[in-house]
1. Among the candidates B:SER191, B:SER243, single out the residue that is small (Gly, Ala, Ser) and open to solvent by less than 20 Å² (accessible area, probe 1.4 Å).
2. Just one of the numbered conditions (1) among the small types (Gly, Ala, Ser); (2) under 36 Å from the mean Cα position of the chain (by Cα); (3) not in a loop (DSSP other than H, G, I, E, B) is not true of A:GLY434; which one?
3. If a residue must be over 49 Å from the mean Cα position of the chain (by Cα) and at the interface with chain A (Cβ under 8 Å from one of its Cβ atoms), how many such residues does the stretch B:235-255 contain?
4. State yes or no: is B:ALA439 in a helix (DSSP H, G or I), open to solvent by less than 10 Å² (accessible area, probe 1.4 Å), touching a residue at least 12 places away in the same chain (Cβ under 8 Å) and small (Gly, Ala, Ser)?
5. Name every residue in the stretch B:294-336 that is open to solvent by less than 40 Å² (accessible area, probe 1.4 Å) and closer than 30 Å to B:MET248 by Cα, in order of residue number.
6. Being more than 9 Å from every other protein chain (Cβ to nearest Cβ) and assigned to a helix (DSSP H, G or I) narrows it down to one residue among B:ALA72, B:ALA66; which is it?
7. Taking A:GLU496 as meeting all but one of (1) out of contact with any Ser or Thr (no Cβ under 7 Å at 6 or more places or on another chain); (2) facing chain B (nearest Cβ under 10 Å); (3) modelled with pLDDT under 90, write down the number of the exception.
8. Output the qualifying pairs, or none if there are none: Cβ atoms under 8 angstrom, residues six or more apart or on different chains, first residue in the stretch B:256-269 and among the aliphatic types (A, V, I, L, M), second residue open to solvent by 40 Å² or more (accessible area, probe 1.4 Å) and assigned to a loop (DSSP other than H, G, I, E, B).
Amino acid sequence: MRAMWFILRRTVASAPKSIIAGALLTVAVLLMGVALLGVSGWFITAAGIAGLAGSGVLFDVFRPSAGVRFLAIGRTAARYGERVVTHEATLRALAALRVDLLAGLMTRPLRGIERLRAGSALNRMVADVDALDGVLLRLALPLGAGVLTQLAALWVLVWLTSWPVALAVVAPQIAAVVVVVAMFGRAGLKPATRAERALQAVRKRAYDLFAARADLTVYGAMGRQRDHVMSAARRLDDAQDKQDRIERGTRLLTSLGVQTSLALSVYVGFTAVAERALSAPLAMMAVLVALALGESLMPLARAVSELGRMADAARRVQRDVMAVAPDPGAAQADLSAPMIEVRDWRLRGDDAPISFTVGAGETVILSAASGGGKTTLLGQLAGLAAPTHGAVRIYGAAPDKMPEAVLRDMLGYVPQRTVLLSGTFAETLTLAGGEMDNAAMQSLYGSVDLSQLLVARGGLDAPVGVAGDTLSGGQRRRVAIARAISCKPMILLMDEPTEGMDQATAKAVLEGVRKALPEAAIVIASHRQSDRRFADRVIPLR
Amino acid sequence: MTRKTKTSAAKLPRDPAAEAALVLSSLLWLGQAALIASCVAGAIAGDLAGLLPLGAGLLALGGMRAGLDFFASGRLSAMARRTVAAYRTEVLNTESRRHQSQSPAVLAGLLAEKLEMLRPAILRYGPAGLRVRTVPLVLLVVAFWQSWAAGLILLVAGPLIPLFSALVGMAAQQASARQLDQMASLGTMLSERVSALLDLRVLGAQTRVLDQFRTSADTLRKRTMEVLRIAFLTSTVLELFSSLGVAMMAVYVGFSLLGEIGFGTWGAPLSIWSGVFLLLIAPDFFAPLREMSAAWHDRASANAVLAELAQWREAQADTILGNADAAKPAAAASELSLKGVRIRRGDQIISYPDVTVAAGQALAVSGASGAGKSTLLAAIAGLLPVAGGQVVVNGTLLTDETADAWRAGLGWMPQSPHFLEGSVLANLRLGAPDADRSAAMRALEDAGVAAQVVALPKGLGTSLGTSGAGLSGGEARRITLARALLAGGKVLLVDEPTADLDEETAQAVRQHLQGLRASGAMLVIASHDPALIAACDLQIAPELAEAAA
């Protein structure tokens, strides 16, 4: 609930004036709808009495009929304005929320990033933001406007008729709202959370079934996995049933409230007419007001049924938006210290400690059996994690304590699994914002032996393809390497850079990189024997 | 193509009982309106007897309406559940017998959230659509019966309701489709950036990417608003006509009662009862239309899902042999023969030389990547039907009847590992549900990956990401080898066991496979590792036979 407030406050803050205007228009729409029916009822009843008494000629027909027409057109205009204004504000708030969400994710620690990539967290995040458009549009505004309209109607009815008539109209409707909120307001949260969880389980388990179908079939486990999916689906159905029951219950209670208000207004109003305490036209007006007010309660059912889903989404989005981590710190680089220094480093406590330094123009290969810690060490040198045993230093400073901007400026890193963004070959190189002319870009792609591909694809303005999927694995790695050396880093770390390339290509790429960065300290993790020729030194881990 | 999709598209189901209840509930309003009209007429005539029974009658009718709606929504809710469950079962049962199909993510999305979109359409759009088709027509007849002028007002204000609702629907559908596209592209953009988080970070590109994203999000918002403005305009027309309809009715009735208008009735002047009654039913003439336009979005999404389902149904895919369920293993295989095996892959046919492998022998399937090595392993496992020739095990043909028992004795190491949700141990136990921890550890040791698993945060209990996050590619693959060993089959189908491994580890894996062979296991190995191929007793290579017609 607190998270919903957070989202609502942000939505309102994104465009406070339009939201206030939108809220006023929403109330105006409802009030005009109530007034339209109320005045109409008063008008025809009064006209009926005047006609019967033969005093029709004296009856002022102009003002009521003009009022009716004005209300009809005014209501329509107000409705249009309200929708445009509130949607605009909501979209603005959601756009800002997405940006903040991305900013929050960008500062996540390495482990969090890995988990995001592996799981369905992303799917959920996108869906969450989408679910939040209802917080203002389907929850706060209709409910707030509904309550205000009821109160305004109460006030006008007391003024025009009497307390008993006014209460007969409004009290049953307000009572219905109170009962709904008391019964379902809180109870609605749980099934929504449960449904969301079950839905995630269905997706994950189904994904497993489809992605591993060969494994499951060979091991005779397909039936088990299918039951596993279906059991999650049944939980989802049960939770949905419960949510449906809540929505249906809400509808039942609100329509009972409106029907009671209608019957009571007829009984109380016309009893007053019989006692000559009230005129028939005003009694008829009260009846039609009761009818029209019912419309203000209609959004309640949908709001209650969506409440849980929204609260759930709001909670996660708030957490992720608030998670913007501070810049790690202010460790100062000392340009006289060794460019890279590894001291007494061990992957595990019982390994032999490793120490080495790398200077300008040197190439070092880390070699180890898989699982030997090559990737871990490179990640620590890149400042993505702190070492558990021993120390790593870049220009004398611990990389994970250095200001992010300074470190990224001097250090390039090609991780084992890289992702290319959609865009052109040129855009890929200027991702970080560097300015570069075409000749420089072409020579960069030449350094990683992609000149031919570039020509074949149609030059720098050709698209790389969505997430690089028109390229082979080896080509993708080479684009990623070109991207990393485009910033002219002083230090370059590469994790298995030649994986998926034949020997000739691997040779051309490693030579090209060295030529492009003659002064850089380069550290390569590789298990390929043939790569070792390019190294000044090979450091075995473990 | 589009037409074809339409004819085979599944339709949303209907429920006659619920529909009858919904229509009845709407029409009961006529009774309520009549009661209120009598009350007003009585009040003006100075004859206000029986207010209490009248109020009670009104309440009873109102209660019935609420009850009927409640009953109908209950039936619809149950029907929605049945519908979604039926589609889910259909997709799951069909897909679990296919070897290859659409991308797992797409199918999982269809099975999870997309099918869920049918629910709101059944619950909300169904009733609204039904009421639009029935209620206005009845009210129109009733209005004409009371006064032809009143009927005319409704007819003019809701000009040709089907056309009108189609107009609204078209505009709204177009708008929501375009808006959905916009939203989707923003979502794609976000997801692409999130999947590249690490890259963006190490490139120092965060600020710039964030700025780009902000600009795109803003442009998209503006475009979405342009579309929405048009959509709102259309529904505003609907609002305008319904408000004006009520207003015109009020003015006509008022002036008639005053005697200023003398036409519009079938003879006698309009009575007060008729006037009040007509005013009361006027808003309900328009209510279903508004209800329907509010639910249009639900229908648009449901239609998209139904179209996707139809497309899925049309897609052809090979089915596996057998049922893919647990079975008693056949007697230990002593001989596997391929006789003239040809397999269709896309529009190619791949053929394989005849060969017979005995227990204690290893068969290498060699060839460039993409030549059809993995395809043969799939056919031997009964995951793919052969287009010609025979796969014979111990003299018995591999068929639907024999496939499950044959597979129960297989060990299987796929080319790209996929880990199921759950711990390493649960994944290892896939083919041996009863294996204990020590057996699992032994299998890991044999596959040369025990130390790495022990080093994981929770050891055997660690939960791996789908592609084995936290492990290197080679480690992940060796866990699938351990899984095959634990399954204890005497026949092992292994796909590229030494790819992605450093020389030292590859050597260890080769030695272990040799050991298995020496202990009497039959091995079928797809590989392009020369050292591994050389160590096998037999070797075959797939040939591209011809392009299929």
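1. B:SER243
2. Failed condition: (3).
3. Number satisfying all stated conditions: 5.
4. In short, no.
5. Answer for the stretch B:294-336, where residues must be open to solvent by less than 40 Å² (accessible area, probe 1.4 Å) and closer than 30 Å to B:MET248 by Cα: B:ALA295, B:TRP296.
6. B:ALA72
7. Only one criterion is unmet by A:GLU496, namely (1).
8. Pairs that qualify, where the first residue is among the aliphatic types (A, V, I, L, M) and the partner is open to solvent by 40 Å² or more (accessible area, probe 1.4 Å) and assigned to a loop (DSSP other than H, G, I, E, B), are B:LEU258/A:PHE59.
The values are calculated or read from the model by the stated rules, or taken from the named source; none is laboratory data. Not measured: the values here are computed from a predicted model. With ideal geometry, Cβ positions are generated from the backbone for all residues, glycine too; neighbour counts draw on all protein chains shown. Protein only, heavy atoms only, side chains kept; ligands, DNA and RNA dropped before computing areas. Shrake-Rupley method; radii C 1.70, N 1.55, O 1.52, S 1.80 Å.
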